[in-house]
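A.B. asks: So that we are looking at the same thing, I have put the structure below in structure tokens.
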Amino acid sequence: MKTSVRISRGIESLFGTKDENIRLLETNLRIRTRLREDSLELDGEAPDVDRAEKILSDYVALVESGHIFQNGDLNSYLRVVTIDASTSLKSLIDSGRQRTFGKKVVTPKTVNQRIYLDAIERHDLVFGIGPAGTGKTYLAVAMAVNALLNKQVSRIILTRPAVEAGEKLGFLPGTLQEKIDPYLRPLYDALFEMLDADKVEKYLERNVIEVAPIAFMRGRTLNDSFIILDEAQNSTPEQMKMVLTRQGFNSKMLITGDITQIDLPVGRGCGLLEAMEVLRGIDEIRFVYFDERDVVRHTLVQKIIRAYDRYQEANGLSRQMSLRWSEPPQKLAAPAAADDAAPESPSTH
């Protein structure tokens, strides 16, 4: 199939340095291109040409509307839209706009953060998976606050497992609430960044916003709610299934986690790893994966994550880690000590 897309402006940024953008389109979509006087001719199988035409049409419309693609931006976007047919170039650009969440203005800083926000808007169940510092939790809370303030939902439910580096709740001083509050502190921190303190307190008192450990979710049906399960790598398969089946009518659910920071005792299966395997074929569920390029903390954090990835790959630990949390206890080796995952860092201007 052959077709042409008329391009009168922005041809330089479309082709990119040494034609890298066009080569990416050709490789990922299995098409051939030829530049004419004022158009780009596309040749290939009909579905591939149709996708390329849609991408290029979005590009032309964006350029004509005044959007300017900075160096390297278009290549990053094309890598996403040529791999993920459900994402359009226009939706990626739109999701990168500044958004006001309560008292905070937030701008996604990476392509994956933009994909994440777009996925949250378009899907009722989203998994955000990746290392600490990529904005998974912060952006999730921001979207929850936005939905509440815009009356899209009537309440926010924030939950996470009370498991951290082997500590037991029973050894901590105080009441039950005082015992669990330290585990939920990152969620409180994100809330107080989005809303004034008195408003947060009022919402908490009225249960408009509920922050609780995962055990408090059992037996409930959460209608008209925005539900966030944070630190999901520390949930068991039973807990993960229980939380996923709490979702009611007019509700959104976000599951966030870092599979390199599993603090579960030896022999306990990881609910997040199992869910990634069990649910990956369901079209209505979206998985967004972050990596070290999405870390918005100190630049050293990116280098630390890459160093650990190289070390684990060189020592064959990545595969062992996945197996470790899914094999029966008798096959398991003693676990290495895991560091506490740091709270998510804001992705703001």
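The values are calculated or read from the model by the stated rules, or taken from the named source; none is laboratory data. Nothing here was measured: the structure is a model prediction, and the numbers come from that model. Here the Cβ positions follow ideal geometry from the backbone for every residue, glycine too, while neighbour counts run over all protein chains shown. Side chains are part of the model used for accessible areas, which takes the heavy atoms of the whole protein and leaves out ligands, DNA and RNA. Shrake-Rupley method; radii C 1.70, N 1.55, O 1.52, S 1.80 Å.
A.B. asks: Give me the Debye-computed log₁₀ of I(q)/I(0) at q = 0.21 Å⁻¹ for the range 1-144, equal point scatterers on Cα only, no solvent, two decimals.
C.D. replies: The Cα Debye sum returns log10 ratios of -1.28.
A.B. asks: In addition: Measuring with a 1.4 Å probe in the full set of protein chains, what accessible area per residue, in whole Å², belongs to the range 65-170?
C.D. replies: Roughly 38 Å² per residue, with all protein chains present.
A.B. asks: Which of the trypsin sites (Lys or Arg not before Pro) across the range 191-269 are loop residues per DSSP, with 15 or fewer other Cβ within 10 Å?
C.D. replies: R206, R218, R220
A.B. asks: Follow-up question, since we're still on this one. Once both labels are modelled 7 Å past Cα along the beta-carbon direction, what's the R99-N315 spacing in nm?
C.D. replies: Those two pseudo-labels are separated by 3.9 nm.
A.B. asks: Among the GluC sites (Glu not before Pro) within the range 28-95, which fall in a DSSP loop and have no more than 15 other Cβ atoms within 10 Å of their own Cβ?
C.D. replies: E37, E45
A.B. asks: Further question on the same structure: Add +1 for every Lys or Arg and -1 for every Asp or Glu among the other residues with Cβ under 14 Å from the Cβ of R23, and state the total.
C.D. replies: Around R23, the surrounding residues sum to +2.
A.B. asks: If you don't mind, another one. Below 8 Å between Cα atoms, with a sequence gap of 6+, how large is the relative contact order for the range 1-139 in percent?
C.D. replies: Here the relative contact order equals 19 percent.
A.B. asks: Extent of the range 1-70 along each principal axis, from alpha carbon coordinates, in Å, largest to smallest?
C.D. replies: Sorted from largest, the Cα extents of the range 1-70 read 32, 22, 21 Å.
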